[in-house]
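The values are calculated or read from the model by the stated rules, or taken from the named source; none is laboratory data. Keep in mind that what you see is a predicted model, and the values were worked out from it rather than measured. Here the Cβ positions follow ideal geometry from the backbone for every residue, glycine too, while neighbour counts run over all protein chains shown. Note: areas computed on protein heavy atoms with side chains; ligands, DNA, RNA excluded. Shrake-Rupley method; radii C 1.70, N 1.55, O 1.52, S 1.80 Å.
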Amino acid sequence: MYDSIIIGSGPAGLTAAIYLSRAGLKNIIINGMEPGGQLTTTTEVENFPGFPQGISGPQLIKDIKAQSKNFGTEFLQAVVKDIENVENNGKKTFKLHLDNGNIIEAKTVILSTGASAKYLGIENEKENIGKGVSACATCDGFFYRGKDVVVIGGGDTAMEEAIFLTKFVNKVTIINRRDVLRASAIMQQRARDNEKIEWKLDYTPKKVLADEKVTGIELLNNKTGEIETLAADGIFVAIGRTPNTKFLEGKVEIDDRGYIITKGKSSKTSTAGIFAAGDVQDSKYQQAIIAAGSGAIAGLDVEEYLRENNL
Ligand code: NAP
């Protein structure tokens with residue numbers, strides 16, 4: 001019986017684990033399908049305090065993991081399929097059903113399964129993630145100083161990413177599959193007012209062009225049916241994120257976009273004993289440092305819950 005099972009091994013889950021282990025609580029992290037989370041697909045992280053020279057995403061995760069291990073956190077490579085509520089002599093516990101058929105039990109659960117960036121699923125895209133294809137302008141924009149890049153998508157995220165990129169790059173071309181944008185009027189206007197932003201509306205991305213790294217993108221002109229190529233050093237995919245909450249339906253309250261609803265500034269979900277931290281409950285900020293901070297909150301909330309319920 002664990003004091004807490006943490007589902008997800010990004011900065012939120014790992015930080016929660018540090019707090020729990022330092023409090024002497026028995027905890028385990030279930031790594032999930034993307035061990036280390038989205039940071040493992042990022043190159044250099046330059047906005048996480050404490051690293052004046054920056055740090056690579058995978059290295060940062062490795063270091064936080066080592067820190068939690070030093071204090072006694074256990075790790076398990078598995079995927080959680082279901083969470084079962086159990087009553088034990090009037091005390092509430094949870095049984096977690098894993099994809100390998102095993103069941104593990106805990107007094108509390110921390111959900112830190114993150115949100116995955118959506119990608120286009122076109123030819124050559126997956127192979128070039130980290131080599132010119134990115135889903136995070138805040139993480140990778142800096143490396144495109146003076147270059148030409150494209151942003152794919154027509155929502156607020158795409159507008160925001162494109163405007164952010166203009167701080168560094170020579171030119172941003174926004175590519176959208178329709179000639180109507182989904183973004184709010186104000187965000188559209190800000191993008192339209194920006195002289196470094198060009199537009200290719202009603203174009204469907206077909207193929208990422210690359211040698212050693214990305215050189216451009218092949219597009220279908222939806223109006224003419226012709227294939228065009230556009231030279232670019234970077235391709236930023238901004239077509240939305242999906243919180244990883246499918247397996248939680250009916251277990252905790254989730255909003256209409258799939259994010260877990262937490263109470264006030266706490267990590268408490270609608271189910272007592274289940275807590276949430278990181279991007280899975282944060283559709284707005286989605287930054288590593290904020291995920292880590294919310295993991296700390298979850299660690300402290302779990303401690304308090306165990307104490308208050310004499311668990
Ligand atoms: P979104 O509003 O759902 O927009 C996604 C965009 O990507 C749409 O233009 C969509 O095209 C396009 N798209 C989706 N799948 C595609 C595909 N397979 N191929 C090509 N294009 C594809 O997502 P979002 O921009 O991430 O925003 C999500 C939510 O967060 C929104 O409610 C937004 O307002 C909010 N948000 C707000 C701010 C802000 O206010 N500062 C910033 C960021 C996000 P279609 O239109 O054709 O479907």
Discussion item. Quick check on my link table: of Lys65/Lys213; Lys118/Lys206; Lys147/Lys167; Lys126/Lys207, which ones sit more than 20 Å apart, alpha carbon to alpha carbon?
Written reply: Lys65/Lys213
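Could you look at region 40-187 and say what percent of its accessible area is carbon and sulfur, using a 1.4 Å probe and all protein chains? Show your work: numbers first, answer last.
Details: 3560 of 7410 Å².
Ligands and nucleic acids excluded, carbon and sulfur reach 48 percent.
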Worksheet, complete the sentence: For region 75-149, the Debye formula with one identical point scatterer on each Cα and no solvent gives log10 I(q)/I(0) at q = 0.11, 0.18 Å⁻¹ as -0.55, -0.83
Worksheet item: Accessible area per residue, 1.4 Å probe, Å², for region 210-311: what's the number?
Response: 51
Worksheet item: Roughly speaking, what % of Cα-Cα pairs in region 126-191 are separated by over 21 Å, rounded to a whole number?
Response: 21
Worksheet item: Counting only residues 5 or more places away or on other chains, whose amide H sits under 5 Å from the amide H of Val151 once H atoms are built in the peptide plane?
Response: Thr173, Ile174, Ile175, Phe236
Fill in: Built amide H within the under 5 Å cut-off of Thr108, gap 5+
Ser4, Ile5
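What's the local net charge at Phe51, with K and R +1, D and E -1, over the other residues with C-beta under 15 Å away? Write out the running numbers ahead of the final one.
On the way: positive: Lys62; negative: Glu44, Glu46, Asp63.
My count for the surroundings of Phe51 gives -2.
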Discussion item. What are the extents of the Cα atoms of region 24-160 along their three principal axes, in Å, largest first?
Written reply: 65, 35, 26
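Calculate the dipole size of the chain relative to its Cα centre from +1 charges on Lys and Arg beta carbons and -1 charges on Asp and Glu beta carbons; express the result in debye to the nearest 20. The partial results should precede the final answer.
Values: 37 positive and 40 negative charges, 78 e Å.
Dipole about the Cα centre, nearest 20: 380 debye.
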Fill in: With Cα atoms, 0 to 90° folded angle of helix 57-70 axis to the chain main axis
10
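Just the accessible area per residue of region 1-123, please: how many Å² with a 1.4 Å probe? Mind dumping the intermediate values first?
Working: 5720 Å² over 123 residues.
Per residue, region 1-123 has an accessible area of 47 Å².
Local charge sum around Ile152 (other residues, Cβ-Cβ under 11 Å, Lys/Arg +1, Asp/Glu -1)?
Numbers: positive: Lys118, Arg177, Lys200; negative: Glu125, Glu161.
After counting each charged neighbour, the total is +1.
Once the convex hull of the C-alpha atoms of region 44-110 is built, how many Å³ does it hold per residue, rounded to a whole number? List each step's numbers first, then the result.
On the way: hull volume 9.3 nm³, N = 67.
Given the Cα convex hull of region 44-110, per-residue volume reads 139 Å³.
Send over the Kirkwood Rh of region 123-251, from the inverse of the averaged 1/r over different Cα pairs, rounded to one decimal Å. Please report the intermediate quantities before stating the final value.
Details: mean 1/r = 0.0668 Å⁻¹.
After inverting the mean inverse Cα-Cα distance, the result is 15.0 Å.
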Discussion item. Check which residues have an amide H placed less than 5 Å from Glu123's amide H, if you skip close sequence neighbours.
Written reply: Val208
Discussion item. If I take R0 = 45 Å and measure r between the Cβ atoms of Lys196 and Asn310 in this structure, what FRET efficiency does the formula 1/(1 + (r/R0)^6) give, to the nearest 0.05?
Written reply: 0.15
Worksheet item: Considering every pair of different Cα atoms, what Kirkwood radius, in Å, is found for region 1-100?
Response: 14.6
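Using 0.36 nm per residue, how much length does the chain from Tyr119 to Glu249 gain when fully extended, once their Cα-Cα distance is taken away?
Working: separation 130, 0.36 × 130 = 46.80 nm, distance 2.37 nm.
Additional length available on full extension: 44.4 nm.
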Worksheet item: Measuring from a point 7 Å past the Cα of Glu212 along Cα-to-C-beta, which residues in region 22-58 have an amide N at less than 20 Å?
Response: 43-44
Worksheet item: region 115-171: which chymotrypsin sites (Phe, Trp or Tyr not before Pro) are DSSP loop and have at most 14 other beta-carbon atoms within 10 angstrom?
Response: Tyr119
Worksheet item: Quick one: if you take sqrt(5λ) for each eigenvalue of the C-alpha gyration tensor of the chain, what semi-axes come out, biggest first, whole angstrom?
Response: 40, 20, 17
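Over region 200-306, with every protein chain in place, what whole percent of the accessible area is carbon and sulfur at 1.4 Å, could you tell me?
Here carbon and sulfur together make up 49 percent of the probe-accessible area.
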Worksheet item: So what's the angle, to the nearest 10 degrees on a 0 to 90 scale, between helix 288-308 and the longest Cα principal axis of the chain?
Response: 20
